[in-house]
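One structure is given here, and the rest of the page talks about it.
The values are calculated or read from the model by the stated rules, or taken from the named source; none is laboratory data. Keep in mind that what you see is a predicted model, and the values were worked out from it rather than measured. Quick reminder, even Gly has a Cβ in these numbers, built from the backbone with ideal geometry, and neighbours come from all protein chains shown. In case anyone asks, the SASA skips ligands and DNA or RNA and just uses the protein heavy atoms, side chains included. Shrake-Rupley method; radii C 1.70, N 1.55, O 1.52, S 1.80 Å.
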Amino acid sequence: VTCDRELFKSIAKLRAMKALTWQVLVTLEKEDFFDSIKWVARASWRDFTCFDAASNILRNATALSAAFIGRADVVESLPYDLLIESDAIVRERAQRLALTSQLVLQQEANLGEVGDAASGSFALEELTRTLGEQAWTWMQRLTGGTSSEEF
């Protein structure tokens, strides 16, 4: 799952994907598979710019925060110079910052420690529900319009 600079939408996207996966597994009577799924979230380079590396640092941090709050099991960070041609020193610094920004958010901000940081937030719950319902509708269209009982 890619997370981007849209914090709340990225969190809701991850949560909706988990809810949809759970619903599909319940429908198929395979709920026991849910715990074996590893949720991998990655900062999206789609919003990165080749003109301002500092903006990329902030966008990456926002995406990582969304991944942690959305409860991804694995979070992948991107170096801020991804779209910029840089020398070895800058490249090494960018890779180190990509790693340390993950550690700061996880260990110092405790984003990886909270059970469900988004739980109870009306706005996030509503956005998650909306995204989930839209995705479920698309899934029904792709499967030929079957209902949830027939899925």
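Are there any pairs, at least 6 apart or on different chains, whose C-beta atoms fall under 6 Å, with the first in region 107-133 and in contact (Cβ under 8 Å) with a residue 24 or more places away in the chain and the second surrounded by 11 or more Cβ atoms within 10 Å (Cβ to Cβ) and not in a helix (DSSP H, G or I), and if so, which? Here the result reads Leu124/Ala118, each pair linking region 107-133 to a residue that is surrounded by 11 or more Cβ atoms within 10 Å (Cβ to Cβ) and not in a helix (DSSP H, G or I).
So that you can scan it fast, the table gives a plain yes or no per residue for (1) under 20 Å from Ala12 (Cβ atoms); (2) assigned to a helix (DSSP H, G or I); (3) touching a residue at least 24 places away in the same chain (Cβ under 8 Å):
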site: Asp35; (1), (2), (3): no, yes, no
site: Arg42; (1), (2), (3): yes, no, yes
site: Ala54; (1), (2), (3): no, yes, yes
site: Ala63; (1), (2), (3): yes, yes, yes
site: Phe68; (1), (2), (3): yes, yes, yes
site: Leu78; (1), (2), (3): no, no, yes
site: Leu82; (1), (2), (3): no, no, yes
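Considering each residue of region 23-33 in turn, at least one proves to be without any contact (Cβ under 8 Å) to a residue 24 or more places away in the chain, open to solvent by less than 60 Å² (accessible area, probe 1.4 Å) and of a type in the set (A, V, I, L, M).
Checking the structure you have, find out if any residue of region 74-82 is at pLDDT 90 or above, among the aliphatic types (A, V, I, L, M) and open to solvent by 60 Å² or more (accessible area, probe 1.4 Å). Yes, there is a match, as at least one residue in region 74-82 is at pLDDT 90 or above, among the aliphatic types (A, V, I, L, M) and open to solvent by 60 Å² or more (accessible area, probe 1.4 Å).
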